[in-house]
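The values are calculated or read from the model by the stated rules, or taken from the named source; none is laboratory data. All of these numbers come straight from a predicted model, not from anything done at the bench. Reconstructed Cβ throughout: ideal geometry from the backbone, glycine too, with neighbour counts over all protein chains shown. Ligands, DNA and RNA are stripped out before the accessible areas are found, and what is left, the full protein with its side chains, is counted by its heavy atoms. Shrake-Rupley method; radii C 1.70, N 1.55, O 1.52, S 1.80 Å.
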Amino acid sequence: MGRDYSPAGAEPVFRLEGVRYLYNGRQVALDGINLTVGRGEQLALLGANGSGKSTLLKLLDGIFSPNAGRMQAMGRDVAAVAAGQDSFRFHREVGLVFQDPDVQLFSATVFDDVAFGPLQLGLSQAEVLRRCDEALQMMEISHLAKRAPFELSGGEKKRAAIASVLSLKPEVILLDEPTAALDPRTKWVLVNLIQKLGQDGKTIITATHELEIVPLIASRVIVLDENRQILADGPAQQVLNDTALLVKANLIHPELHYLGRSPSSLS
Ligand SMILES: Nc1ncnc2c1ncn2[C@@H]1O[C@H](COP(=O)(O)OP(=O)(O)OP(=O)(O)O)[C@@H](O)[C@H]1O
Ligand SMILES: [Mg+2]
């Protein structure tokens, strides 16, 4: 399967060439990643546990820099961003919702967490309030604004973490398993939100294990395999219809997922 499905001629938001990332200098988390993401694309990032999804999103967010290979994000060298150079401006443009909301929420109240980004931007008080109200409403958590994050349920925390990134209004939104722990209605709210943000031209990359939401939120799918390499990169329907690939990547299991497929097609 080809590697680059970004729209022809679009200025890439991310360009990775032969990117390798190791934890503690020895634990390989990503290996030989080649990826170009065009402005305004909506991608889903799929892969088994430990295949490197969260690590890739942290690289794209300029938190980590590659141990080998070349990587540009928003026209900047990611190693420089990870070293703190121009990182304030970078993080106005690229926002990551972490897999674990406890990493994202650090303030005394949900409101303070959602207001943190806009306050850092130096916006007027009225604009900060407007953005917070909007983000809290989008995630349907206005009633939780005055609560401490530790007083929330798992799904409520997730919604607060998402709101804290939405209030920044970044051009590029990276979502690490955003629908995990969400009830179906909230999941649907989020799917609709991703669709709307996509229509507004935002670049959105969503790591998920939930295959059923993928065609709704992404036109292109990247699959990482258990060797921490890209196994597939292509149009969403094409990747999702490739049952053998999904089994190989440990995204479906013959005993668990029929997904409208006949059991024999999974073996
Ligand atoms: N802080 C860390 N220190 C050392 N190794 C790590 C660390 N975080 C992740 N790893 C390792 O890096 C690899 C990729 O992990 P990563 O969290 O990116 O996977 P993932 O695809 O997001 O998995 P999951 O579906 O479970 O969230 C795994 O082998 C994991 O054990
Ligand atoms: Mg992860």
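Would you confirm, using the coordinates I've provided, whether Asp112 is under 20 Å from the mean Cα position of the chain (by Cα), open to solvent by 40 Å² or more (accessible area, probe 1.4 Å) and of a type in the set (Asp, Glu)? Judged against the criteria, Asp112 is not a match. The C-beta contact set for the range 17-43 (first residue under 19 Å from Ile63 (Cβ atoms), second residue assigned to a strand (DSSP E or B) and hydroxyl-bearing (Ser, Thr, Tyr), distance under 6 angstrom, 6+ apart or interchain) comprises Ala29/Tyr21; Ala29/Tyr23; Leu30/Tyr21. Within the span defined as the range 195-217, every residue fails to be in contact (Cβ under 8 Å) with a residue 12 or more places away in the chain, within 16 Å of ligand 2 (Cβ to nearest atom), of a type in the set (D, E, K, R) and under 16 Å from Leu57 (Cα atoms). Only residues that are small (Gly, Ala, Ser), in a helix (DSSP H, G or I) and more than 13 Å from ligand 2 (Cβ to nearest atom) were counted in the range 41-80, giving 2. Residues that are within 18 Å of the chain's Cα centre (by Cα) and within 16 Å of ligand 1 (Cβ to nearest atom) within the range 234-261 comprise just one, Leu251.
Can you name the residue in the range 20-40 that is of a type in the set (Val, Ile, Thr) and more than 17 Å from Glu226 (Cα to Cα) and is also least open to solvent (accessible area, probe 1.4 Å) among such residues? Quick ask: steps written out before the conclusion?
Residues of the range 20-40 that are of a type in the set (Val, Ile, Thr), as a first pass: 28, 33, 36-37.
With more than 17 Å from Glu226 (Cα to Cα) added as a condition, the list becomes 36-37.
On the way: Thr36: 23, Val37: 0 Å².
Among them, the one singled out is Val37.
Exactly one residue out of Ala73, Ala79 is surrounded by 23 or more Cβ atoms within 10 Å (Cβ to Cβ) and out of contact with any His (no Cβ under 9 Å at 6 or more places or on another chain), and it is Ala73.
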